[in-house]
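Comments concern the structure below.
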Amino acid sequence: MFMLSRRLLSLLYLTALLHYYGEARKITARIRRYLPERFGSRSHFHHDPEDFGVLTAVVQVGTPLQMLDVFVDTTTADIEMSLCPDPVDKPTYPCFKASDSSTFRKQSTNTASDTFWESEEMKRFVPNVTFVSRKQKSEFAGRVGLGWPSLRKYPGDTTFPNSFYDKWSVFSISVGLFDCTADINFDEGCDTNNKTIYLPATSKAYWQFAIKQVHLGSVKLPINGQAVIATNKEYIGMPKKFLDQLTSLHGIIWEADYGAYTVDCNQKLPNLDFVTDGGVITIRPKQYVYVWEPLSNGRCVVNFEDSKAFGFGPEWYFGIQIVADYCVAFDFKKAQITLTENFQECDVCDCHKKQ
């Protein structure tokens, strides 16, 4: 869960359940990773969205205020809220009970507005914040998109992202090495050093960059493609022809019963390397293999997936693994992505212990 300050969007506020560090611009997130049981009839394994691979925050919205979980998504560019069906007493999924708010207003078929609590520090309300409204079921009550403005669903009809881009041109994300905490910093990037990788953003939609080759041990394959950073994904996505070649020599197999690629948990695997013009991006086995909670057959899930079967359009994408191995900075003004090796430790919890 996120610890936000007033520098986020001037709209998001975290509840007292989260610890406020008092540092301007900085958000501290908590991430817990637990594996659910077998899928049964489902075709693809997904980690519990409450606990794995999703960066979440809490917003307070409406009159009276409702506290709602939202997730932070680099592949979209709006505030979105899921509206509860009306009438509803106890919804069966996370949603905003618009009928309970005296300040809620429907703006169009797809947009609405309401009052947001800006921050505990500022102690004020922001009225008439417009957002995308939706009614489909979801694991969270909404999302905050940090993609490029061209990803907006209804340009000009929502408050965000204009309120962000007018003030800040860069933000950075890093997840703790043991996955429990994360930081987002607005209006500043990551600390850099002589190993920092600088990559031009090759799209004004997704946060995307060029990749030339992929290496997994002795398997070295040319790509000459594009990869997207997607904080809403817990997998590294790639075309199946590459999956088949990368996994063939390392004991990684597809298990239909679990809907996942798996490997012996004790298998020593090499780093997954991506060659770019700016340097080599390395994803370590501790990030792409989930060893903390083995499956019931004793094997561990490998966080690779077929991007055509389970993705959202791009052939290659990095899920949360890239912001665990690196502090990643996203710069709108320079149209640039930078990656610096991440040293952030988890110092607040044992997130790998089931509660």
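The values are calculated or read from the model by the stated rules, or taken from the named source; none is laboratory data. Just so it is clear, the model here is predicted, and its values are computed rather than measured. Heads up, the Cβs are rebuilt from the backbone with ideal geometry, glycines too, and the neighbour counts pull from every protein chain shown.
Before moving on, here are some points about what is shown:
- Hits in segment 303-330 - residues which are in a strand (DSSP E or B), in contact with a Phe, Trp or Tyr (Cβ under 8 Å, 6 or more places away or on another chain) and within 13 Å of residue 44 (Cβ to Cβ): 304, 305
- Residues that are among the aliphatic types (A, V, I, L, M) and assigned to a strand (DSSP E or B), drawn from segment 258-286: 260, 263, 272, 275, 280, 281, 283
- Some residue of segment 122-130 being among the basic types (Lys, Arg) and free of Cβ contacts under 8 Å to residues at least 40 places away in the same chain: yes
- Cross-chain or 6+ apart pairs with Cβ under 7 Å, segment 301-314 first and over 11 Å from residue 233 (Cβ atoms) and in contact (Cβ under 8 Å) with a residue 24 or more places away in the chain, then assigned to a loop (DSSP other than H, G, I, E, B) and of a type in the set (Ser, Thr, Tyr): 304/235
- Boolean, residue 223 is in contact with a strand residue (DSSP E or B) (Cβ under 8 Å, 6 or more places away or on another chain), farther than 25 Å from residue 267 by Cβ, surrounded by 15 or more Cβ atoms within 10 Å (Cβ to Cβ) and modelled with pLDDT of 95 or more: no
- Count of segment 207-226 residues which are touching a Ser or Thr at 6+ places or on another chain (Cβ under 9 Å) and aliphatic (A, V, I, L, M): 4
- Taking the criterion of being more than 16 Å from residue 320 (Cα to Cα), at pLDDT below 95 and surrounded by 19 or more Cβ atoms within 10 Å (Cβ to Cβ), the only residue of segment 284-299 that qualifies is 295.
- Close pairs from segment 268-290: first within 16 Å of residue 338 (Cα to Cα), partner acidic (Asp, Glu), Cβ under 9 Å, at least 6 apart: 280/273; 281/273; 281/325; 282/273; 282/325; 282/341; 283/273; 283/325
- Taking the criterion of being under 18 Å from residue 318 (Cβ atoms) and of a type in the set (A, V, I, L, M, F, W, C), the residues of segment 236-251 that qualify are 236, 238, 242, 243, 246.
- Test set (1) farther than 25 Å from residue 320 by Cα; (2) surrounded by 20 or more Cβ atoms within 10 Å (Cβ to Cβ); (3) of a type outside the set (Asp, Glu); (4) at pLDDT 80 or above - residue 74 fails condition number: (1)
- If the condition is being surrounded by 19 or more Cβ atoms within 10 Å (Cβ to Cβ) and either over 24 Å from the mean Cα position of the chain (by Cα) or not in a loop (DSSP other than H, G, I, E, B) (or both), then segment 85-110 contributes 96, 97, 98, 104.
- Of the strands (runs of 3 or more DSSP E) lying entirely inside segment 174-257, those containing at least 3 residues that are free of Cβ contacts under 8 Å to residues at least 24 places away in the same chain and over 21 Å from residue 338 (Cβ atoms) span 219-229.
- Residue list for segment 292-312, filter: out of contact with any helix residue (DSSP H, G or I) (no Cβ under 8 Å at 6 or more places or on another chain), hydrophobic (A, V, I, L, M, F, W, C) and closer than 30 Å to residue 225 by Cα: 300, 301, 310, 312
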